[in-house]
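First comes the structure, then the notes that go with it.
Each value in this text was obtained by applying a stated rule to the coordinates, not by laboratory testing. Given the structure is predicted, the values throughout are model-derived calculations rather than measurements. So basically every Cβ, Gly included, is an ideal-geometry build from the backbone, and we count neighbours across all protein chains shown.
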Amino acid sequence: MPAIQGRCACGKVSYSSSAAEPAFTGLCHCKTCQRASGSAFSVVLAVPDASLTIDGALKSFVSQGDSGKSIERQFCPECGSTVVDRAELMPGITMINVGTLDDTSWVKPGMQIYCEAAQPWVSLEGDMAKFPKMPS
């Protein structure tokens, strides 16, 4: 696995993680992720908070997930790229938005969540586990 490092579109925010492997890699079809990504779904990889170093200032937007717990999306205030997400439901974990990685060639999502909200034209191949909502 290559190094976990990346940046926003304008390069004012960069990050690296010392995690040997992501805690998980997956994609979310929920309507909030569709809106936040401007696409059909969001793809993230999760790393322990302690392994992540972020250089540059981020702005935050906090919303409530269907669990009732908060989700914080952090983005570059200059270019608007969403860089990381943090869910109160997963303490100690930061989710890196895969599109911001310098090298995405090794990323292979292991699961899809909120499949019940997936766009009807999205059909993904692979052996990913599929969940109608958030798995318990």
- prompt: Which whole-number percentage describes the relative contact order of region 4-115, with Cα contacts under 8 Å and a sequence gap of 6 or more?
  reply: 33 percent
message: Please return the longest range in the chain lying between exposed loop sites, taking chymotrypsin sites (Phe, Trp or Tyr not before Pro), DSSP loop only, at most 14 other beta-carbon atoms within 10 Å, and leaving the sites out.
response: 1-105
- prompt: aspartates and glutamates within cross-link reach of residue 12: Cα-Cα under 17 Å, excluding same-chain residues under 8 positions apart?
  reply: 55, 78, 102
statement: Scaled by the rule-of-thumb 2.2 N^0.38 Å, the alpha carbon Rg for region 73-133 gives a ratio of 1.32
Under 12 Å from the Cα of residue 130 - aspartates and glutamates, other chains or at least 8 residues apart: 116
query: So what's the net charge close to residue 133: Lys and Arg +1, Asp and Glu -1, counting the other residues with Cβ under 10 Å from its Cβ?
result: -2
- request: Would you calculate a helix-derived [θ] at 222 nm for the chain, using -39,500 (n - 2.57) for each DSSP H run of n ≥ 4 and dividing by the full residue count, to the nearest 500?
  value: -1500 deg cm²/dmol
query: For 4, 54, what ranking results if the residue with the fewest other Cβ atoms within 10 Å of its Cβ goes first?
result: 54, 4
task: Any chance you could list the semi-axes, whole Å, largest first, of the equivalent ellipsoid that the Cα gyration tensor gives for region 4-115, using √(5λ)?
output: 19, 16, 14
